[in-house]
Structures are given as C-alpha cells and as structure tokens.
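Quick one: this structure, given as structure tokens, is what I'll be asking you about.
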Amino acid sequence: MKINFLKTDLPAKGNLVTFAYNDCRLSSFARKVDKEMGGQLSRALGAARFKGKFGEFLAVPAPAGLEVRNVYVMGLGNADDLNDLKMQQAGGKIIARLMSCGEEEISVAAEALKKADMSAEEVAANVAFGARLRRYRFDKYRTKEPEDKKPTVILFNVLCSAPSRAETVFGPLDKVADGVLFARDLVTEPGNVIYPESYVEHIRELSDLGVDVEVLGEDEMEELGMGALLGVGQGSASESHLVIMRWNGLDKKKAPLAFIGKGVTFDTGGISLKPGAGMEDMKFDMGGSAAVVGLMKALAGRKAKANVIGVVGLVENMPSGTAQRPGDVVTSMSGQTIEVINTDAEGRLVLCDALWYTQDRFKPKFMIDLATLTGAMMVALGQEYAGIFSNDDKISEQLFKAGEEVGEAVWRMPIGPAYDELINSDIADMKNMGNKYAGSITAAQFLQRFVNDVPWVHIDIAGTAWKQTPSDLADKGATGYGVRLLDRFIQENYED
Ligand code: BES
Ligand code: MN
Ligand code: ZN
C-alpha cells in the first residue's frame, strides 16, 4: 500500500473518508462534501442515527454529485480527547474497515485539531502512520487465498492543506513503522526459517542503514566465558550467536544507551520439555530481540541523535543428546555459577551473559532488556501491560509515560531482597528458578544479579508480544511491542 499526501481537492476515484465528532457534528471537510451532495450526507447520518462516537462508521454508496464510489463518515468522538495516538488509531480503524472494500484507492481528509494543538499536517501524518501499522499482514506463505479475501486498497491518500509539510512530519514516523514491521516479520517467521544462524543474516541488513553489526559465534563466546548462554544452545543443531548492533547519532565518546533482547528462536523447554499443546507459539520467544532489532532499524532510519547499542542473544532451546540437563551447573561470564533446575527457564540464562557483556564492554548510561521471559507475567498483567522491573525510579517513570503516550503500556512490579533470596542454590551461587510464587519477579531478581549496579530496567513482554485479537494498530499476531515504546522514550528523554 502506497501512502500519498495530497491537496484537499475532492477525489475523483475510489472511496472518500471524512470525519465527524460527537453529536454528529461534521468536520468542515465533511460539511463541504455534504454540500456537494445536496445534503444527502447529513440526511443519511440522521436516518442511520449516527452519533459520531470514536470509530463509528457510516457509508453512503453512490453519493449524489460526487465521482467517488462511496463516502464514509467516521466518528472521532469528543474533540477534546484527541491526540496523536488517537489519530493513529483512527487511521488504523479506517484501513481495517476498508482494506478489502473492493476499491484500489481511498482518500482521507485530515484537518487541524485546535484542542489537541495538532496541525492538519500532523493529523495527516499520524493517520497515515496508524494505517500503515494496521495494514500489515504476513502473507508470505499463503498461496491459495481467495481473491475476495485479499486486500484491494493499494493507494492510501491523505488530504490536507500542505501535503509537503505532512510528508516531512511523516518521514520519521514512517521509519519507526519500518522498525515495527520488521520486528513483526521476525517474530512471525517460524522456527524453521528464523533460527540463530539465519536470524544473524536478517540483522546484517541493518548495516545498509549505517548500523554497525558485529557477530560473535560459539568460539568467541566460549573464550569470553559465556557458559550460561552457551548451555541453552548446546542441544541445538544451529550455532548460538550474540549480535551487537551500534548506532552512533552523536559523538562516539558519549556513553551509549543499551538495549538487550532475548532471542530464543524456538523454546521447546529443552529436557524440561513443554507440553505439546500450544508449543508452536514458542516461535515468538525471540520477541525481545526482535524489538531491539526493530528499534535499531527505526533509530537508524530516522537518524536519531543518540548513541545506542543493541545486543541480542540468539539461541534455540532444544532437547537432544547434547542438551543440558536439569541439575547441570554452568559458569556465567560474570564468574557466578548457576544451577539449572529447569531447562525451560532458559531466557534468563541467555540474558545474564548478554547483560554482563554489555555493561562490561560498553559502560552504558543504562541497560534495558526485553524478553518473553515468564508465563507468570501473563497471569499477573494479562496482555494489556508489560511488566517492568527496575533499580531506577527515573527511567521507570520515563518508560511509563512513553508507554501511555504510544499505547504500549508498562506497569512497574516490585523487586527486593526477600525475592532475591528465593533463587539461592545449595550447590552453586544461584539457581535458575524460585518457588512456585512470583515467577516473574524471581526471574527479574536473577537478571539483577548480572547488571553490576548499572541503572537497569527489565521489560517482560510475554503477554504483549503476540495478540490473539486485532487492535487498532495491529492485526492479530505479532505486535512489534517495544519498538514504539522505546523509540518514544529515547526521543523524549535522550536525544539532543
Ligand atoms: N518463553 C517462556 C515464557 C513464556 C511462557 C512466555 C508462556 C509466554 C508464554 C520461558 O522460557 C519459560 O518457559 N518460562 C518458564 C519459567 C519456569 C520454568 C520457571 C515459565 O514461565 O513457565
Ligand atoms: Mn522456556
Ligand atoms: Zn523461553
């Protein structure tokens, strides 16, 4: 789907979308359209008892006096409640509704929102951004989709008074969308396509954008003493990798921000094998790493003025004759030893070496890790919020705010010494799981033992990386959660 910004002329083709507010108050463009239609639009709205609630739709086919096939009115609700996120959601609702409308072209008329302090160009850019995010589908492996199910819209026009200014506002948003969609692609690809070795090749594509990509294999990690990460991958036929991405938007001497992702390309549980039912979902267990890769793509794409490191640990957790056993003791890069009680608590084993390596080598300003780490996270917060665990109040608050703004919400969870005690081991420095309670917190306590007092946030995205139902900005499936959150967080707090 191509997105165009055009002047506010009445389109001659396809379908036209206009807006109305609560109590059926028409936008000024909708009033103009109504006039052209000799009042047919307002009569139709009255007949349909259209209220103008956010997301409410009315279609008027074959509008009198116009060349387009259908005129749609979409409700925006209360004008006081609108902001950039709402306008993105409006764009998402429009494309969700009209993607397969039979027309190739749709045009949406954007207008300034005085209450929200948004110009028509900002409205237009945000509508387009939302449409692009919601339009995403992963069609690669469908070869027999019936014609009438296929999307028809190939041109999404947004009309506004200064299209070239809208284009400028849209530029960076478009790059963020590139990052989100890349993350969704990576998460959606099955485990036989994305495994550690093939994943590396996808990440290498980022070098075209100026991201420095460095890849460590098993020999190098052995040398560094990353026994925890290597233990997880040792049952797999695919070689484990650690990939380091670097984006320097500032003087290289400035301490970088670091983002670390869990990249378990498939999690069978290992010898502590998961039950068969639903195991296919575990292709998404690299969602944390995909968010980091997508973030790097977004930042480099929009040439963010920040120094940022992305580190992802790529492994496949398989049961086999070479797999690690429950009870094995491994030595992490930090020197701390770990008793592996359960081979299915593997994410923390991957992250602990990645975190230690990152702080040791890069001396970052802070570290933020993302991981589909625990099923318990979904028990606690469902799919609405990701849990954050942190030793730093300020960064936690900055993340909370960014999350509210972009609609990728986070909720802070407690950590502390009483939880930390639960992962002490009888024969090693720690074990990789606690008791049956507070599973997400004991996982976070485990990670904290490897951050060396660097300001740190752990984001458990087990509930938010994949959704069974569509939202305004994503079809069902991979959400790309984390890319927009962290992009906004960086933009608001750490860019010059
Ligand atoms: N990748 C899973 C976490 C997960 C499970 C995410 C289900 C989403 C849905 C992780 O590696 C895992 O298996 N965690 C275990 C830890 C336990 C063995 C301490 C879990 O949550 O059951
Ligand atoms: Mn697991
Ligand atoms: Zn896992």
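Go through LYS35, LYS93, LYS86 for me and flag whichever is in a helix (DSSP H, G or I) and farther than 30 Å from GLU405 by Cα.
Values: LYS93 fails: farther than 30 Å from GLU405 by Cα; LYS86 fails: farther than 30 Å from GLU405 by Cα.
On inspection, the qualifying residue turns out to be LYS35.
Oh, and also: For region 451-473, indicate whether the set of residues that are assigned to a helix (DSSP H, G or I), within 29 Å of THR188 (Cβ to Cβ) and more than 16 Å from ligand 3 (Cβ to nearest atom) is non-empty.
Our first condition is that a residue be assigned to a helix (DSSP H, G or I); within region 451-473, this holds for none.
No, region 451-473 contains no residue that is assigned to a helix (DSSP H, G or I), within 29 Å of THR188 (Cβ to Cβ) and more than 16 Å from ligand 3 (Cβ to nearest atom).
Which residue, of GLY347, GLY375, is within 9 Å of ligand 1 (Cβ to nearest atom), in contact (Cβ under 8 Å) with a residue 40 or more places away in the chain, touching a Leu at 6+ places or on another chain (Cβ under 6 Å) and under 18 Å from ASN317 (Cβ atoms)?
After applying the criteria, what remains is GLY347.
So which of ASP393, ASP429 ends up being away from ligand 2 (no atom under 16 Å from the Cβ) and farther than 25 Å from VAL308 by Cβ?
Answer to the check: ASP429.
So, in region 294-350, how many residues would count as being hydroxyl-bearing (Ser, Thr, Tyr) and either closer than 22 Å to LEU485 by Cα or within 16 Å of ligand 2 (Cβ to nearest atom) (or both)? Steps first, please.
Narrowing region 294-350 to residues hydroxyl-bearing (Ser, Thr, Tyr): 320, 322, 331-332, 334, 337, 343.
Checking the rest, the ones that are also either closer than 22 Å to LEU485 by Cα or within 16 Å of ligand 2 (Cβ to nearest atom) (or both) come to 320, 343.
Residues that pass the stated criteria total 2.
Residue check, ALA428 against (1) surrounded by fewer than 21 Cβ atoms within 10 Å (Cβ to Cβ); (2) farther than 25 Å from SER334 by Cβ, all met but one. Which one?
Checking ALA428 against (1) surrounded by fewer than 21 Cβ atoms within 10 Å (Cβ to Cβ); (2) farther than 25 Å from SER334 by Cβ, the one that fails is (2).
Can we say LEU399 is surrounded by 18 or more Cβ atoms within 10 Å (Cβ to Cβ) and either within 16 Å of ligand 1 (Cβ to nearest atom) or modelled with pLDDT under 95 (or both)?
Working: surrounded by 18 or more Cβ atoms within 10 Å (Cβ to Cβ): yes; either within 16 Å of ligand 1 (Cβ to nearest atom) or modelled with pLDDT under 95 (or both): no.
No; evaluated as a whole, the condition is false for this residue.
For ASP328, indicate whether it is of a type outside the set (Ser, Thr, Tyr), within 16 Å of ligand 1 (Cβ to nearest atom), under 30 Å from LEU206 (Cα atoms) and touching a residue at least 12 places away in the same chain (Cβ under 8 Å).
The answer is no for ASP328.
Does any residue in region 437-450 that is assigned to a helix (DSSP H, G or I) come within less than 7 Å, Cβ to Cβ, of a residue that is within 16 Å of ligand 2 (Cβ to nearest atom) and among the basic types (Lys, Arg) six or more places away or on a different chain, and which pairs are these?
Short answer, once both residue conditions are applied: ALA443/ARG348; PHE446/ARG348; LEU447/ARG348.
If I go through region 227-275 residue by residue, how many of them are touching a Leu at 6+ places or on another chain (Cβ under 6 Å) and within 12 Å of ligand 1 (Cβ to nearest atom)?
Total satisfying the criteria: 3.
Only residues that are more than 20 Å from LEU473 (Cα to Cα) and among the aliphatic types (A, V, I, L, M): list them for region 74-88, please.
The answer is ALA79, and nothing else.
Follow-up. Does LYS262 satisfy being within 16 Å of ligand 2 (Cβ to nearest atom), closer than 22 Å to GLN359 by Cβ and either of a type in the set (S, T, N, Q) or in contact (Cβ under 8 Å) with a residue 24 or more places away in the chain (or both)? Working first, answer last.
Values: within 16 Å of ligand 2 (Cβ to nearest atom): yes; closer than 22 Å to GLN359 by Cβ: yes; either of a type in the set (S, T, N, Q) or in contact (Cβ under 8 Å) with a residue 24 or more places away in the chain (or both): yes.
In short, yes.
To continue, here is another question. With respect to the numbered conditions (1) in contact with a helix residue (DSSP H, G or I) (Cβ under 9 Å, 6 or more places away or on another chain); (2) within 12 Å of ligand 2 (Cβ to nearest atom), which one is the sole condition not fulfilled by ALA255?
(2)
Consider region 7-31. How many of its residues are free of Cβ contacts under 8 Å to residues at least 60 places away in the same chain and either closer than 19 Å to VAL123 by Cα or not in a helix (DSSP H, G or I) (or both)?
Taking region 7-31 and keeping what is free of Cβ contacts under 8 Å to residues at least 60 places away in the same chain, we get 10, 12, 20-26, 31.
Filter again for either closer than 19 Å to VAL123 by Cα or not in a helix (DSSP H, G or I) (or both), leaving 10, 12, 20-22, 25-26, 31.
Residues flagged as free of Cβ contacts under 8 Å to residues at least 60 places away in the same chain and either closer than 19 Å to VAL123 by Cα or not in a helix (DSSP H, G or I) (or both) within region 7-31 amount to 8.
Which of the residues belonging to region 144-189 are buried (at least 18 other Cβ atoms within 10 Å of the Cβ), of a type in the set (A, V, I, L, M, F, W, C) and either farther than 13 Å from LEU133 by Cβ or modelled with pLDDT under 95 (or both)?
Those that are buried (at least 18 other Cβ atoms within 10 Å of the Cβ), of a type in the set (A, V, I, L, M, F, W, C) and either farther than 13 Å from LEU133 by Cβ or modelled with pLDDT under 95 (or both): VAL153, VAL158, LEU159, CYS160, ALA166, VAL169, LEU186, VAL187.
Which of the numbered conditions does ASP453 fail, given that it passes all the others? Conditions: (1) under 30 Å from GLY55 (Cα atoms); (2) of a type outside the set (Lys, Arg); (3) out of contact with any Ser or Thr (no Cβ under 6 Å at 6 or more places or on another chain).
Unmet condition: (1).
Name the pairs: first residue in region 406-424 and touching a residue at least 12 places away in the same chain (Cβ under 8 Å) and surrounded by 12 or more Cβ atoms within 10 Å (Cβ to Cβ), second residue assigned to a loop (DSSP other than H, G, I, E, B) and among the hydroxyl-bearing types (Ser, Thr, Tyr), Cβ to Cβ under 8 Å, at least 6 apart or on different chains?
As it stands, the answer is GLU408/THR464; GLU408/TYR481; ALA409/TYR385; VAL410/TYR385; TRP411/TYR385, since those pairs meet every condition given.
So, in region 282-317, how many residues would count as being out of contact with any helix residue (DSSP H, G or I) (no Cβ under 8 Å at 6 or more places or on another chain) and surrounded by fewer than 24 Cβ atoms within 10 Å (Cβ to Cβ)?
Of the residues in region 282-317, 4 are out of contact with any helix residue (DSSP H, G or I) (no Cβ under 8 Å at 6 or more places or on another chain) and surrounded by fewer than 24 Cβ atoms within 10 Å (Cβ to Cβ).
When region 181-209 is examined, which residues are found to be assigned to a helix (DSSP H, G or I), over 15 Å from GLY301 (Cβ atoms) and of a type in the set (Phe, Trp, Tyr)?
TYR199
The values are calculated or read from the model by the stated rules, or taken from the named source; none is laboratory data. For clarity, every value in this text was computed on a predicted model and none was experimentally measured. We place every Cβ from the backbone using ideal geometry, glycine too, and count neighbours over all the protein chains shown.
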